[in-house]
1. Let me have the 222 nm mean residue ellipticity of the chain computed from DSSP H runs of 4+ only, each contributing -39500 (n - 2.57), with the sum over all residues rounded to the nearest 500.
2. Quickly rank 113-123, 26-36, 194-204, 44-54 as a protection proxy: mean count of other C-beta atoms within 10 Å, highest first.
3. With θ set to phi - 60°, apply the Karplus curve 6.51 cos²θ - 1.76 cosθ + 1.60 along segment 65-82 and write out the HN-Hα couplings as whole Hz, x wherever there is a Gly or Pro.
4. Using θ = phi - 60° and the Karplus form 6.51 cos²θ - 1.76 cosθ + 1.60, what ³J(HN,Hα) does each residue of segment 100-105 get, whole Hz, x for Gly and Pro?
5. Send over the Kirkwood Rh of the chain, from the inverse of the averaged 1/r over different Cα pairs, rounded to one decimal Å.
6. Let me know the Rg and Dmax you get for segment 47-149 when you use only its Cα atoms, in Å.
7. When all C-alpha to C-alpha distances in segment 115-214 are sorted into bins of 10 Å, what percent of pairs does each bin hold, rounded to whole numbers?
8. With 21 Å as the limit, write out which pairs from Lys41/Lys213; Lys41/Lys141; Lys41/Lys185; Lys185/Lys213; Lys49/Lys199 have Cα-Cα distances beyond it, or answer none.
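Nothing in this text is a laboratory measurement; each read-out follows from the coordinates by a stated rule. Given the structure is predicted, the values throughout are model-derived calculations rather than measurements. Cβ: placed from backbone, ideal geometry, glycine included. Neighbour counts: every protein chain shown.
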Amino acid sequence: MQDQELWHNKWASNQIGFHLEEVNPLLTQYWAQLNPTREDKVLVPLCGKSEDLVWLAQRHDQVQGVELSDIAVRAFFAEHFYTPLVTPVDNHHTLYQFDELSLYVGDFFTAPLAPVELIYDRAALIALPQGIRPIYVERLKQLLSNGGRMLLVTLDYPQDEITGPPFSVPEQEVRELFAGFELTKLYRDDADETHPRIKKGLSRFAEEVWEIKG
């Protein structure tokens, strides 16, 4: 994965403004659109120490996550007072398991993941530079079982006005990346002048939610 040092440094220096201290309201509002069942296996790429993992594990028997930083994964379990079973998988990945949760530390592109029925991406696609996004999506397609569904959260803003991450992934790019899949835009929230991003100088900023069916 590109830019690994960047993300390691962010976690090491606690520069994690992308981390939400509560469950993402877009997840709680739109997850039902995927018609999930408890038996459906869930994958959360680049999961960090997201509170969304706990919410998903309360509703599914198997939730897999992948995170580059061991700092993030250890912090997740410590903050929730979980004591995981820690197993080295290979020279590059370590598996942390607790009840419904299986979190891999290491490179998402080489993690030994099993196919799943559901994928939740709030901060993975928008964390990756444009050149690697097609490779990332191809990996998702490999991991999504036939008939699988995905909930994707993206950002749309003028990329030339500010550098990422998080990066802008506008509608046209989403549709190109997932060509051949059934895409439904569930939500778009255009920020007003009170939004922090607008206050910092962006001319526009929007968050979008997509339902993607394999």
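1. Theoretical 222 nm ellipticity from helices: -6500 deg cm²/dmol.
2. Per-residue Cβ counts within 10 Å, averaged per peptide and sorted highest first, yield 44-54, 113-123, 26-36, 194-204.
3. x, 10, 9, 5, 8, 5, 4, 5, 5, 5, 5, 4, 5, 5, 5, 9, 6, 8
4. 7, 9, 10, 10, 9, 9
5. On the way: mean 1/r = 0.0565 Å⁻¹.
Answer for the chain: a Kirkwood hydrodynamic radius of 17.7 Å.
6. For segment 47-149, the Cα-based Rg and Dmax read 13.4, 38 Å.
7. Spelled out bin by bin, segment 115-214 gives 15, 48, 27, 9, 1 percent.
8. Lys41/Lys185; Lys49/Lys199
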